[in-house]
Every structure is written in structure tokens, then in C-alpha cells.
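Asker: The following block contains the structure, expressed as C-alpha cells.
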Amino acid sequence: MAGQSGGAPITGKDQLVGWFEAGCRAPDDWRIGTEHEKLVFRLSDLTRPSYEAPDGIGTLLRGLAERFGWEEIQEHGKTIALTDNAGGSITLEPGGQFELSGAQLETIHETCKEVNTHLEQVRAVCGDLGLGMVGIGFDPKWRREGIPWMPKGRYRIMRNYMPKVGKLGLDMMLRTCTVQVNLDHANEADMVKKFRVSLALQPLATALFANSPFKEGKPNGFMSYRSHVWTDTDPDRCGMLDFVFEDGFGFERYTDYILDVPMYFVHRGEDYVDLAGRSFRKYMAGELEAEDQGHVIRKGDRPSMDDWADHVTTAFPEVRLKRYLELRGTDGGPWKRLCALPALWVGLLYDQTALDAAWDLVKDWTDEERNWLRDEVPRRGLETPFRGRTLAEQGGEVLKIARTGLQARRRLDSGGNNETGFLEELEQIVATGKSPAAAKLHAYHERWGESVDPLFKEYAY
């Protein structure tokens, strides 16, 4: 079979830059997209179910489709995702982690309603199967070798490639869960400012949501082990992106970064063609040759814009640009924190006065300081010292800015409440001076008899 793909062929870099530019939206059209992953476990023995088992992930997906009208997306006859009419989707992570990629919504009120509806549906189907779900950043109990892989073609390629470039990439794939938010920008300058603010403050967000203190049944020495895992996954596609803070940063500079990220694959029909470690630039120049699963890429073949859109999703920095900004630094957690994350970032980024105040707070931070925070926060969380204060104290200041931003938005629910209430969970966390992981560690030593098993019951959705 030929190596050419669908979609418009790429003839030059300007098209790639234009792809990013096409994401700009007028402020009235800005939306909020929230994504959150959960660990699925059997209530009987806390094991992670396989895809194929009668009580497995495949059955769960099909059950949601049958019961609640989701449309099934299949790959080689297996249901690997679901979509709904509102623009939401449920996707399958490598170890069976269950992810809702929410619709593009206007308010945090709508976001929280969406999360609640999703969890109600999941609980209903899980209850029939004897399954539960828990929001946490890293699997607290099971070894990597005991976690079943899900049947998605792209994971075959990533599974083979990850050990070549880092020690913890397979842990990232199989044992981590995150919550993230996707937000819009008006133009290039707006994107740049939002990118810089959110990237600088990503370690703070990691600390506020740090929720992965266990590994294989014991404390792992970290507040956010999930965040630590990303430091040894793949240096070519992860990290804090110092160049974002350099003069001249914009869509073209980010395009160059993505072009330098080694490829994973291209998508042909229902197959993923293994191009791991290969250069997208060489593919654009017609210099790539490859053969995988009956698909052949020959010299002279060039990628399409569909291939570019796929390639963009294979970079994993702390903040990622697609046609919106994806803020990626936080651990999965309970229901309230799934609503708190978009509230934090919408409050900071969707009101100009708040955005300016947040930028004033971080604009003189150095590359060295930002990277030091990124490396230190996974271990120390909100107790991390920074510029003569703890990160909890810094966080209190940031949350005040976010609160003013949400107040200025004046987006009310049916009861006349604005969106600031969704910050209360974070304000309570900051008041304690400790990341959420600390409460789990205390329970482990005091109430749980140094076992992580009670966590699954106590923190299940």
C-alpha cells in the first residue's frame, strides 16, 4: 500500500505555522475544555482489569455506549473510544486509564456539571461490572509488569520506543493519571503571554494538585510521583521549554520545536505505521523510507496536514500548544479538584487584568528558577521554598489573582453564583500549607495500617 495519506499535502513550513495560527479565536468565542483520567480497578481484589475480560475495559466502553448513547469508535473491530453529540469523548489510555475529554464549554459551572454527569454514568456501568474508579496521579499499588496493555496501535509503537529514550516512559503510559485544561487565545501575542504565565506557574499547579505519594504499596518519597515520572520519560518531547520566554517566540518558533521532536508514527487507515525516532523534516523533504504492517513510505512521499496534526500530539511539554493551550502539569484527583483546575487557569488567563497581574508576578523568574521549581516540586509540593517564601504562600497570592479574574468574568449559575466557589478547594489546600498527597501519607501511617488498600475505597468516585 502507498505511503501517502489523506488531507492536504504539506508543501512548506508556512502551512504548519498557519495550522497553529488558525486556532486564534475572538474572546467571545473562548471556551474551556477539561480532560481527566481515572484508574479503573476491580472492587473484589483492586486489580486493574484487562481490555478483553468480561468485566474489562472493552465491556465498560460498550456498556456506556449502550446505556447512554455514546457512539463507538473502533480500531480493528475493538471499541477504543466513545464520542457524544456535544463534542466530548472518552478515550483509552495505555493501561486502561479512563479519560473524559470534555466538550468546549463556556463556564466552569458547565464544566462541573459535565464532570458530574460523566461520573454518574461511569458509576452506573461500573456498578454492574464490579468495578470502581479512583482519581490519583500514580497507581498506588500495582507493578508495571502486572498492568494489562490496551489494544491501540499507537501504544505498540510507543511501548517499543519509550525504553530507548528514558527510564520511566512505560510508567507514564501505564500508571499515571492527570487532569488538564485546554484554553483559547485571541492572537499570537495573547498566546505568547498565556503560554509564558501558565508555563511559569505550572510547578505551582503541580504542587496544588500533588496527589501521588505511593508506588507499589509504599510511600515513594514524592508528593507528585506522576510529575517526577515525566522528568525521565523522553527529553526530546518533555520539559519546561525555556525558549518560550525568549524574545521572538511565537507560532513559528513553536513550529520549529515540533519539527525537531522525533516522530512516533503516521496513521494510515486503522493502522499506525512505526516511524519512531525519525525526522518529520526529512519526511517533508521526501527523504523518508519505511515499511510497517503492510504500509510502505517511499522516497518522494510526503506527509499531509493530518500527519502534522497527529505529530503535534506526540510532544509532551508541561504546557502544549495545539490550536489551543493545553495545561498539563497536574495529578488526577477527586471531583472537586476536577472543577478547581479549570477555575484556576480560567481565572488567571481569561481576564486581561488578572493575566497582567500574573505576568507581573512571574516575569522576572529566570530559566534556572523555573527549572529548579519543576525539579523540586514533585518531591516537596507546596512546602518547596522559593524566593524567601514557601510555594504555598506564593500560591495564596496566585489564587487571589485567579479569584479576581473569575469575579470579573461574571459568569453566573441559575442561583446567581459566580465561578469563584470552584477555587475554595484550592484555597483550603493552600491554607494548610501542604499538598493533598500529605493527607494520604498521614492516613497511611495513622489510619490505614501502612496499607494503600483503604485508599481505593476512601477516594473512589
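No value in this document is a laboratory result; all are computed from the given coordinates. This structure is a prediction, so every number in the text was calculated from the model and none was measured. Virtual Cβ from ideal backbone geometry, glycine too; neighbours counted across all protein chains shown.
Asker: Return, in residue-number order, each cysteine of the chain whose C-beta is not under 4.7 Å from any other cysteine's C-beta.
Answerer: That list is Cys24, Cys126, Cys177, Cys238.
Asker: Among Ala22, Tyr459, Gly329, whose Cα lies farthest out toward the positive end of the dipole of the chain, if unit charges sit on the beta carbon of Lys, Arg (+1) and Asp, Glu (-1)?
Answerer: Ranked along the dipole, the leading option is Tyr459.
Asker: What percent do you get for the relative contact order of the chain when only Cα pairs under 8 Å and 6+ apart count?
Answerer: 22
Asker: What does the C-alpha gyration tensor say about the overall shape of the range 305-461? Classify as rounded when a/c is under 1.5, otherwise prolate if a/b is larger than b/c, or oblate.
Answerer: Verdict is rounded for the range 305-461.
Asker: If a/c stays under 1.5 just call it rounded; otherwise compare a/b with b/c (prolate if a/b is bigger, oblate if not). Do that for the chain, with a ≥ b ≥ c from the square roots of the Cα gyration tensor eigenvalues.
Answerer: Taking the square roots of the gyration eigenvalues as a ≥ b ≥ c, the chain is rounded.
Asker: If you rank Val179, Val125 by fewest surrounding Cβ atoms within 10 Å, what's the result?
Answerer: In increasing order of surrounding Cβ atoms, one gets Val125, Val179.
Asker: What pairs in Lys13/Lys322; Lys299/Lys322; Lys215/Lys434 have C-alpha atoms more than 18 Å from each other?
Answerer: Among Lys13/Lys322; Lys299/Lys322; Lys215/Lys434, the Cα-Cα distance tops 18 Å for Lys299/Lys322; Lys215/Lys434.
Asker: Continuing with this model, one more query. If one computes the Cα centroid of the range 83-156 and of the range 389-411, what distance in Å separates the two points?
Answerer: First find each Cα centre; the distance between them is then 29 Å.
Asker: With labels modelled as points extended 7 Å from the Cα through the Cβ direction, what inter-label distance (nm, one decimal) is found for Lys363 paired with Arg389?
Answerer: 1.8
Asker: Another question about this same structure. Which order do peptides 254-263, 56-65 fall in by mean Cβ count within 10 Å, highest first?
Answerer: 56-65, 254-263
Asker: Fewest to most neighbouring Cβ within 10 Å: what's the order for Ile108, Ile73?
Answerer: Ranking Ile108, Ile73 by Cβ neighbours within 10 Å, fewest first, gives Ile73, Ile108.
Asker: Do the sum for the chain: with -39,500 (n - 2.57) for every DSSP H run of n ≥ 4, divided by all residues, what is the mean residue ellipticity at 222 nm, to the nearest 500 deg cm²/dmol?
Answerer: Helix contribution divided over all residues of the chain: -13000 deg cm²/dmol.
Asker: Let me ask something else about it. How many percent of all Cα-Cα pairs in the range 132-281 sit more than 27 Å apart?
Answerer: 35
Asker: What are the ³J(HN,Hα) couplings of the range 322-333, residue after residue, when phi is run through the Karplus curve with 6.51, -1.76, 1.60 and θ = phi - 60°? Round to Hz, x for glycine and proline.
Answerer: Each residue's phi maps through the Karplus curve to give 10, 9, 7, 8, 10, 9, 10, x, 10, 6, x, x Hz.
Asker: Suppose every K and R has +1 on its Cβ and every D and E has -1 on its Cβ; what is the size of the dipole of the chain about the Cα centre, in Debye to the nearest 20?
Answerer: Using only the charged Cβ atoms, the result is roughly 820 debye.
Asker: Output the relative contact order of the range 302-460, whole-number percent, from Cα pairs under 8 angstrom with separation of 6+ residues.
Answerer: Averaging sequence separation for qualifying contacts and normalising by length gives 22 percent for the range 302-460.
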